[in-house]
Amino acid sequence: MTERVIVLASADRPVLGHVRTVPGLRAAEAAGQLWLRGLPATGELPVAVRALPAVATYAADAQERLFPAGHRTPTGRLPALVWQPIAEFVPLELPTAAVPARTVPSYRVRLLPSGRAQAGAALLTTLPQWLAYVETAPEIRLRGLRFAVSSDAEVLVLGTPLPPVAGQEYWLQHGLLLPAGFDLEAPLLAPLLARKLDPAADGVVLFRADGRWEQILATDVVPVTRGAVRLTAEGFAA
Amino acid sequence: MLLTSFLQDLLTTGSVTLVGRPSAFAPDDLLAATELLQAYYAADAREIPYSAPAFDAPAALWAAGLLYHTVQLTLVRELDEAVIAETLPDFAGLITPEVLYSADLLLRYLPDLLRLAKGLAPGDALVARLQALARQWPLSFGGPELPEPAAEARVLDHPALRQEYVDRLIRAQDRRRAGQPHLRALVQAALGAHAATLWPDFQAFTLVTTDGKHAD
């Protein structure tokens, strides 16, 4: 006899991981069975090999005839298979990380009183006050302005010079409208915040003093004319 | 429908077609033109500060006819002074704020024709007639023709017309008129504290030197 041969069911392929390091061991698969060869003909087999769930064990002679253990008559011949070293037959796979996913840290935007002053870029007022101003304002004071109206008749006026109308004035920082007199708690985050809240950069983000915010799309902001403001007010009155 | 077609083209495309010789307008043409002018008034009045004076149909029709015939006379140069006097008459009624604004709906196109006529023949009778109109209707005519004081006072007496007049002075950057003392204050009030950005050289040409003369 020249070697020993072990046969396993194909479903038991994962257990071959335990014998990957056995020297000389080669494997092949055929007809739902795993064939192992290359084990020495005599002597005690390694524990890992003996622990395999074998369905059959044979001794093979030089003519590759198979002899069941304890029998002197061969019952078959070793099939002609493509034999691979066990390390290639059962390749290593990187394990999936078992550590839990890391959550993105959240940041609560807070506004703090600012120590500096800058020109206002927008004004939040009410539609009646805005209409009253536009009715009698010189055209030159309206020409550089644009406006948008919310469903609850709040008016955002953008441009310069801002109209002398009662309301909340806003500063513009990186596309963020902050209430005049306030800055972000971390001013360096303004560009990042603008990119996150308005990734398409197609409008402005209006922050309230309490940290609430809303996006106003550029398409919703129209040039100021007396006619546009009057028609808007008529639409609300109807 | 000579006048109605003319107005329709003017107010929608800005390109007009008219017949070669002056002729009177038919009654149904005048009726249709009045309806068109009233609709134009309603749209234009939305842009007027304060409350626009009410529509005055005779004034609007008079101005429409005047504009129509001025275009004709600008193109047909051989027509004499008699035709000009006949086709470009003064407004016959009392000049009220309603008349001023309703006539302005079309008289506002005349300054361009005046410039064109001046370029064609500066000493022409048509140019003289338009210059006379310019002095009488200052709301509609900006530019070099200074208005008759009484005509300008009628404009300044009405809040909507006054504000519109000042708006037009600023829009045209009419230094000659804006530099006059009685208008300078109105223009300054409109510009407010932003004169330096809204009309950068306004302060420079309205500065008064110590001997009472303007800096320019």
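The values are calculated or read from the model by the stated rules, or taken from the named source; none is laboratory data. Since we're looking at a predicted model, the values are computed, not measured. Backbone-built Cβ (ideal geometry, glycine too); neighbour counts: all protein chains shown. Areas reflect the complete protein model, heavy atoms only, side chains present, ligands, DNA and RNA absent. Shrake-Rupley method; radii C 1.70, N 1.55, O 1.52, S 1.80 Å.
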**OP:** Determine whether the range A:175-196 contains at least one residue that is within 14 Å of chain B (Cβ to nearest Cβ), surrounded by 14 or more Cβ atoms within 10 Å (Cβ to Cβ) and either without any contact (Cβ under 8 Å) to a residue 12 or more places away in the chain or assigned to a strand (DSSP E or B) (or both).
**Re:** no
Original post:
So residue B:92 clears everything in (1) hydrophobic (A, V, I, L, M, F, W, C); (2) in a helix (DSSP H, G or I); (3) free of Cβ contacts under 8 Å to residues at least 40 places away in the same chain; (4) away from every other protein chain (no Cβ under 14 Å) except one condition, right? Which one?
Top reply: (2)
Original post:
If we scan the range B:167-178, do we find a residue that is buried (at least 19 other Cβ atoms within 10 Å of the Cβ), closer than 24 Å to residue B:191 by Cα and away from chain A (no Cβ under 14 Å)?
Top reply: yes
**OP:** Kindly indicate the residue of the range B:143-166 that is away from chain A (no Cβ under 14 Å) and part of a loop (DSSP other than H, G, I, E, B) and also surrounded by the fewest Cβ atoms within 10 Å (Cβ to Cβ) among those meeting that condition.
**Re:** B:157
Original post:
Picking from A:9, A:28, A:62, which residue would you name as being out of contact with any Cys (no Cβ under 7 Å at 6 or more places or on another chain), surrounded by 14 or more Cβ atoms within 10 Å (Cβ to Cβ) and at pLDDT 85 or above?
Top reply: A:28
**OP:** Filter the range A:140-159 for residues that are open to solvent by 30 Å² or more (accessible area, probe 1.4 Å) and closer than 15 Å to residue A:227 by Cα and give the result.
**Re:** A:143, A:146, A:149
**OP:** Could you list, in sequence order, all residues of the range A:109-161 that are within 14 Å of chain B (Cβ to nearest Cβ), in a strand (DSSP E or B) and over 39 Å from the mean Cα position of the chain (by Cα)?
**Re:** A:145
Subject >> Residue within the range B:48-67 that is more than 16 Å from the chain's Cα centre (by Cα), part of a helix (DSSP H, G or I) and in contact (Cβ under 8 Å) with a residue 24 or more places away in the chain present >> reply: yes
Original post:
Considering only residues of the range B:1-42 that are within 14 Å of another protein chain (Cβ to nearest Cβ) and either modelled with pLDDT under 95 or within 24 Å of residue B:113 (Cα to Cα) (or both), which is surrounded by the fewest Cβ atoms within 10 Å (Cβ to Cβ)?
Top reply: B:40
Subject >> Verdict on residue B:77 being over 18 Å from residue B:2 (Cα atoms), charged (D, E, K, R) and not in a helix (DSSP H, G or I) >> reply: yes
Original post:
When residues of the range B:179-209 are filtered for being at the interface with another protein chain (Cβ under 10 Å from one of its Cβ atoms), of a type in the set (S, T, N, Q) and open to solvent by less than 60 Å² (accessible area, probe 1.4 Å), how many remain?
Top reply: 0
Original post:
What do you reckon, is residue A:166 surrounded by fewer than 21 Cβ atoms within 10 Å (Cβ to Cβ), among the hydrophobic types (A, V, I, L, M, F, W, C) and part of a loop (DSSP other than H, G, I, E, B)?
Top reply: yes
Original post:
Is the range B:19-37 home to any residue that is within 30 Å of residue A:224 (Cβ to Cβ), over 16 Å from the mean Cα position of the chain (by Cα) and without any contact (Cβ under 8 Å) to a residue 60 or more places away in the chain?
Top reply: yes
Subject >> Some residue of the range B:62-84 being open to solvent by 20 Å² or more (accessible area, probe 1.4 Å), within 19 Å of residue B:135 (Cα to Cα), at pLDDT 95 or above and out of contact with any Cys (no Cβ under 6 Å at 6 or more places or on another chain) >> reply: yes
